[in-house]
1. Using a 10 Å cut-off around each Cβ of peptide B:89-101, what is the average number of partner chain Cβ atoms that fall inside?
2. Please give the helix B:261-283 orientation as an angle from the longest Cα principal axis of chain B, in degrees from 0 to 90, rounded to the nearest 10.
3. Work out how much length B:K40 to B:E342 would gain on full extension: take 0.36 nm times their residue separation and subtract the Cα-Cα distance, in nm to one decimal.
4. Please list log₁₀ I(q)/I(0) at q = 0.16, 0.18, 0.20 Å⁻¹ for segment A:196-340, using the Debye equation with identical point scatterers on the alpha-carbon positions.
5. Report, by chain and number, residues whose modeled amide H sits under 5 Å from the one on B:Y157, excluding near sequence neighbours (fewer than 5 apart, same chain).
6. Taking the Cβ-Cβ separation of B:I325 and A:F307 as r and a Förster radius of 35 Å, what is the calculated FRET efficiency to the nearest 0.05?
7. How shielded is A:404-412 by partner chains, expressed as the average number of their Cβ atoms within 10 Å of its Cβ atoms?
8. Under 16 Å from a label point 7 Å along Cα→Cβ of B:E195: give me every residue in segment B:17-44 with its amide N that close.
Amino acid sequence: MNVVTLSQIQFAATCMFHWIFVPLTLGLSIMTAWMETKYVTTGDETWLRMTKFWGKLFLINFALGVVTGITMEFQFGLNWAEYSRYVGDIFGAPLAIEATLTFFLESVFIGVWIFGWKKISKKVHALSIWLAAIATNLSALFILLANAWMQKPVGFVLRNGRAEMTDFLAVVTNPYGWIKFSHTLLSGYALAAFLIMGVSAWHLLHKNEVNFFTRSFKMAAVWAFVASVIVGISGDFHAVEIARTQPTKFAAMEAQWETKRGVGMNLLLFPDVARECNSVEQVCVPNALSLLAFHDANAEIKGLKSFPPELRPPVTPVFLSFRLMAGLGTFMILASLAGIFLSRRKNFIDNRAFLTLMVFAIPVPYLAEQFGWLVAELGRQPWIVYGVMKTTDAVSKSVTATQVALSLLGFIVLYGLLGAVDIFLLVKYAKKGPDKDLSNLIDMQGRA
Amino acid sequence: MDISIFQITWFVLWSVLWAVYFMLDGFVLGTGFMSTFIAKGDTEKRVLINAVGPVWDGNEVWLLTAGGATFAAFPTTYALMFSNLYSALILLLFALIVRGVSFEFRGKLDGVIWKSLWDKAILVSSFLPALLFGVAFGNIFKGIPMRNDFTSLQFSYDGSLIGLLNPYGLVTGVLFVLLFAVHGSLYIALKTVGELSDRAAAMANKIWPALLVVAVVFLAYTWPATKLYNNYMDVPVLLIIPVIAVVSLLLVKVFAGKNEIGKAFIFSCLTILFVVFTGVTGLFPNMIPSSIDPASNLTIFNSSSSLLTLKIMTVVAAICVPTVICYKIWVYRIFRGRVTSEEVLGNSDAY
């Protein structure tokens, strides 16, 4: 394999691995802060126990998100030096802002939260998890604004052999980035809420801490439903933005080969890349795709055949990832809606079928996240900066294929081991359930 | 305003970010690998990990900020530094990854094998970055074999991982290891009580002579191995910087010998800061010199961002960095007390 392919595999592998942990961090940090706030305002100790229990899972997960994030920042220079040199004038800024504004806030106040139970007042303690959670969420904004620039480059001019920034405001107000931010952030909330529902359902199946886990489930069901619906709505806006700015990505997502007006949407569809058509096209909803893409039933959609084959993304993986993501998202909306109603019924904990379903639903949002990443980044190919720079031109020239093969091997071994340990610990602490000893917890808030 | 003012400003800021990173992560790395030699038994190990627990992550962010600042302000330097030093930085990255999770994972299970496994992980993953950062900076001071053409934008590099392990790179590597060993031992002595604290102070005193010898060798060897002294010959008043480094290093021993650990630690901080300043002052205006062709040197002038980007980043830094320093001081005040075994055993969230 050549150095470009190996570098792409390494970037995808390390980014997708990083993305196993980050969405849960985004969602669980906010929800833990919510629980602690409930405790501080009501004084109800169940909320404190919830804070401690879900907070513990948050921290075990958080550690791996942080350390795998270092890889992401180093990797632009390590493997994509030509890219970094060419676009650093624009791309470096949001990354540096992310580090100075949000990473410090997040890391410092996580430390205060973990170690500060006995050292600061209740309110300041709750404030510290809020600061950490907000910082975490904000860091997603800056990295997604940077990513949005790769998808829809704005506010720059090609000069002095590189892309130079001309309009910082355009970069930070890039609509592509803000839509993506809302889509991604809320997907993290939904993922965290499904984890809480799943773990709670497992304990309810074992009739363990019924009050604690019913309350957790009820809270999470509402979060999951609201978040999943917003993810769906922002996904629709995102698709409109993609149709406008990245026609090749949109055509691949929908396996649309011909350029036409008033395009319908086939419910059963499968692309045949070699013959540049679809081998299956059934159950067409007339004009639906035009309506979805441009909110106009008669709009023209550019097909893949309007672009030379070397400028098209890998159609089948993008098409499949998009369908899977959307399908799993639909399941999440329905399952969380059912969760809201069923968890308010008296015999909720006897509904073993539904509780079992929710345990097995824990991986669903994780898969949807990964497929979403694939749609976004595979769909951008062959460009690293859409329409401006090709991925093949972006790779480091001083790095050899052997070096990347070895580092990739190292990542696979290291990440494999750490991921296994982390998931093992998450499962262990999730199954263990909340601490029983309330007196110890109240003592911890002794100075409150 | 002229772009060179911003380029110089960012060179200063770049130096400060690296210096502060080494000062702060220096004691975490030092505590990490010295814990093997200072702590006896599991409880003492945990005390040491918890002594750095609240701050290690925040300290490591200085590295991410130094990296991010290099990317935003000097993208060409960022690109060539990371890609040319690929294998060394991958190793460094693996070590930093393991170090971070070791703290989190070690206390989560009770098995003896589990804990001894993570103890070894902490030893290696704390020692390796100390050595590799030193080797990397030694090679940056010396220059690396690269040929850069800034008009045709052709860049090439002729080095290897083995090539970085040249005598001067290794001396700088050992210098960093010993600096962090003393720094970490002093931090342990400062943050713990009783016999553990005494043992750590004794360790700092014991290592210090070796540090002095290596520091002298480093300063002498820098003369033939690098061009760092040129700036000092041109502007002799700058010699105040290495003088402060040397005086601080001597005062570390003076105060450690009198068992005034707080003062010794402060001078250890100053030593690390001024060792870094000594190096980068000698580099200016280069960021990474070429060892084979002076025209290929990466300087702040030929590798920087545009004026607009530098201006924006200056505003961001002017707002964020002082704010960060304020809340970090507040946090260090909250956790200023010494860490005891009772405290660690009584906190279910402790590492």
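The values are calculated or read from the model by the stated rules, or taken from the named source; none is laboratory data. None of these values were measured; they are calculated from a predicted model. Every residue, glycine among them, receives a Cβ derived from its backbone with ideal geometry; neighbour counts consider all protein chains shown. Remember, those area values only see protein heavy atoms, side chains included, never the ligands or the DNA or RNA. Shrake-Rupley method; radii C 1.70, N 1.55, O 1.52, S 1.80 Å.
1. 6
2. On a 0 to 90 degree scale, this one is about 20.
3. Values: separation 302, 0.36 × 302 = 108.72 nm, distance 1.59 nm.
Gain on stretching B:K40 to B:E342: 107.1 nm.
4. Each listed q corresponds, in turn, to -0.84, -0.98, -1.14.
5. B:R147
6. Details: r = 51 Å, r/R0 = 1.46.
Here the calculated transfer efficiency is 0.10.
7. On the way: counts 2, 0, 3, 7, 1, 0, 4, 4, 0.
Mean inter-chain Cβ contacts per residue within 10 Å come to 2.
8. Taking a point 7 Å out along Cα→Cβ of B:E195, the residues of segment B:17-44 whose backbone N falls under 16 Å are B:37-44.
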